[in-house]
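Single-structure report; data block below.
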Amino acid sequence: MVTLDVQAGRIVSDRKLSGTPVVIFYNHQREHLYVAVGDPGGIDVFYTSTMREIGSVVNQVYAFLPETHRAITRACTVVDPKYQQCVWWQREL
């Protein structure tokens, strides 16, 4: 992800994402940029004043709840081909 200074015509920052971006959310109050990635699936979170990465959730994200700054995700472990154990959880971003 690249941040540009359009007046100066230069790159301000260049940050690596955990996958291909699909959707971007911006929270003005928290100064957070949420980038949903399609593969491997997840959300990368950046602090917009510095474009420093705050953290990321990498697994299957099913919903982002902007009011509470939480993501509903599912993490699965395959024990054998016939059995899969999954856990649903919410994580604050």
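Is one or more of the residues making up region 50-60 assigned to a loop (DSSP other than H, G, I, E, B), modelled with pLDDT of 70 or more and either surrounded by 13 or more Cβ atoms within 10 Å (Cβ to Cβ) or more than 10 Å from the chain's Cα centre (by Cα) (or both)?
Checked region 50-60: at least one residue is assigned to a loop (DSSP other than H, G, I, E, B), modelled with pLDDT of 70 or more and either surrounded by 13 or more Cβ atoms within 10 Å (Cβ to Cβ) or more than 10 Å from the chain's Cα centre (by Cα) (or both).
If you go through region 15-43, how many residues are at pLDDT below 85, within 21 Å of residue 68 (Cβ to Cβ) and among the charged types (D, E, K, R)?
1
Considering region 11-33 alone, what residues qualify as being of a type outside the set (A, V, I, L, M) and more than 12 Å from residue 1 (Cα to Cα)?
Passing the criteria: 25, 26, 27, 28, 29, 30, 31, 32.
Between 77, 3, 68, which is among the hydroxyl-bearing types (Ser, Thr, Tyr) and modelled with pLDDT of 75 or more?
Selected residue: 3, the only one of 77, 3, 68 that is among the hydroxyl-bearing types (Ser, Thr, Tyr) and modelled with pLDDT of 75 or more.
Are any residues in region 24-38 surrounded by 14 or more Cβ atoms within 10 Å (Cβ to Cβ), under 13 Å from the mean Cα position of the chain (by Cα) and either under 14 Å from residue 53 (Cα atoms) or small (Gly, Ala, Ser) (or both), and if so, which ones?
Hits for region 24-38 are 32, 33, 34, 35, 36.
The values are calculated or read from the model by the stated rules, or taken from the named source; none is laboratory data. Source: prediction; values computed, not measured. Please note: Cβ atoms are built from the backbone with ideal geometry, for glycine as well, and neighbour counts cover all protein chains shown.
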